[in-house]
Each structure stands twice: as structure tokens, then as C-alpha cells.
Amino acid sequence: MDCFDFPVEVIRTPRKRSAAIHVSSGVVSVRVPQSLSDKRIQDLIHKRSVWIKRKIKEQADRPASKPKEYVSGESFSYLGKTYRLKVVDGAEPSLKMKGGQLVASVPKDAKNRESLVKSLVADWYQSHADQKLREKVERFAPLVGVEPRSIAVKAYKSRWGSCTSSGDISFNWKIIQAPHRIVDYVVIHELCHMLEHNHSPKYWTHVARYVRDWRVCRVWLREKLHPHSL
Ligand SMILES: [Zn+2]
């Protein structure tokens, strides 16, 4: 479709019952049900064009993050602070935070040192995220006046958290790289979904009660951290 100032790829599929728009590397793809007319598709894109342009700009502005090599000297963020990785020889593989450094011990003769360090780092982050996020839920849930049925901390490719209508809350462990106030916002965001299962103005009034600068937090997340990256 070339009636927009960005390229649009339309994918018609019999399996789809509603439309979905994705933006990736400046290309907009729209998956729609087989029978949807061109006119309806154009209206749909038109309605979402502000969002689409914002996504295109965000993706263009975001510096391509260099993949980590998991070697000494590399820096990692944890709760908004930067820590250097130090890889040392050790009898058993382990990772500890010591004096402002993340010290990874790996056996001298270990094969695939980088992938071993990578899994040590990921495990460390995941267990710390699990602990911190649960603490924050425990602190904020009574304030919001809700009681989540379950809390899970796992890997998500493109989101920071989710909340089901029955109160099962999940978080992306990678959020633990962000400063406390941003992590707090994500926790409050999911807890408030137990009051309001949408992003309506009413929902945001709940959020604003606990995080007055929720807009700033949202922009921070959009610009500074990607749900997929460590
Ligand atoms: Zn939400």
C-alpha cells in the first residue's frame, strides 16, 4: 500500500479474525482477516498512524545495542547502577557481586567460557529480579488494595509485564536493569490492571496515585531499555 508516507505490507490470512499492526526496521506490516477491504485497511492504518510513526522513529533513534561478549571490563546495569564484569578462574562456576563488580568465576579449563559466563549472568539477574520484584509487589499490593493470585518472573521478548483478569501477574526479569523508580512503575502498572483491565483514562488515574510521573517512566522505558536486551 503506497498511500502513506511509510511502506506498508499487507498480509491477508484466513487465520486472523482481527487486525494486527507491527513495525520492524521501518516497515509496517498489517496482518488482517482475508475478507477485509482495502478501504477498511487504509482507515485502520490511518487511525494508528501517530503510533506507527512514533514506533518508526523510536526504532531509528535507538542505538543498535552491541551484543555482549561476556568478558572482563564489560559493563552491566542493575537497578540503574553500572557494574563491571570481571571474569576470574575458580573451581566452581559462580557469579557474585563484590565491591561494585560482578565477579564471574569459571574453571580454567572450561570450554565455551563466554556462554558459561553468559548463563551465570542471566541466572544471577533472574534470581535477583525474582526476589526484588516479589518484595516490591508485597510492598505495593496493599497500597493499591489488591491481592495478586500469583507472581511469575520470566523472559519476555517484547513486554515488561502482564496481568490476567484473575490476578496472575508476570514480569520480565530484564526490567531489573532499570532504576528503582522505573521498576516500581512497572510493578504499580501491573497491580493497577487488577483494578482496571485496560489502559483507559480511568486506569491511568489509578497509576498516577502512586507514580505521579508515570508518563516520564513510560518514555524512559521506551527510549532507554529494550525488553529483549541485557
Ligand atoms: Zn498495561
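The values are calculated or read from the model by the stated rules, or taken from the named source; none is laboratory data. In this text the structure is predicted, and so the values were computed from the model without any measurement. Note that each Cβ is placed from the backbone with ideal geometry, even for glycine, and that neighbours are counted across all protein chains shown.
The figures follow:
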item: Residues of the range 14-72 satisfying the condition of being surrounded by 11 or more Cβ atoms within 10 Å (Cβ to Cβ) and within 30 Å of residue 95 (Cβ to Cβ); result: 62, 65, 68, 69, 70, 71, 72
item: Residue list for the range 130-151, filter: within 20 Å of residue 179 (Cα to Cα) and touching a strand residue (DSSP E or B) at 6+ places or on another chain (Cβ under 7 Å); result: 130, 133, 134, 137
item: Selected residue (only one of 173, 220, 204, 160 is closer than 26 Å to residue 121 by Cβ and within 12 Å of the ligand (Cβ to nearest atom)); result: 160
item: Listing of strands (runs of 3 or more DSSP E) fully contained in the range 118-230 that carry 3 or more residues being under 30 Å from residue 82 (Cβ atoms); result: 150-154, 168-172
item: Hey, residue 184 closer than 20 Å to residue 79 by Cα and either of a type in the set (Asp, Glu) or surrounded by fewer than 21 Cβ atoms within 10 Å (Cβ to Cβ) (or both) or not; result: yes
item: Test: residue in the range 219-230 that is free of Cβ contacts under 8 Å to residues at least 12 places away in the same chain, under 16 Å from the mean Cα position of the chain (by Cα) and not assigned by TED's automatic domain parsing to the domain that holds residue 54; result: yes
item: Hits in the range 102-113 (condition: farther than 14 Å from residue 92 by Cβ and either surrounded by 13 or more Cβ atoms within 10 Å (Cβ to Cβ) or in contact with a Cys (Cβ under 6 Å, 6 or more places away or on another chain) (or both)); result: 102, 113
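To keep it simple, each residue is scored yes or no on (1) under 26 Å from the mean Cα position of the chain (by Cα); (2) farther than 21 Å from residue 222 by Cβ; (3) assigned by TED's automatic domain parsing to the domain that holds residue 111.
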| site | (1), (2), (3) |
| --- | --- |
| 22 | yes, no, no |
| 26 | yes, no, no |
| 30 | yes, yes, no |
| 44 | no, yes, no |
| 52 | yes, no, no |
| 79 | yes, no, yes |
| 88 | no, yes, yes |
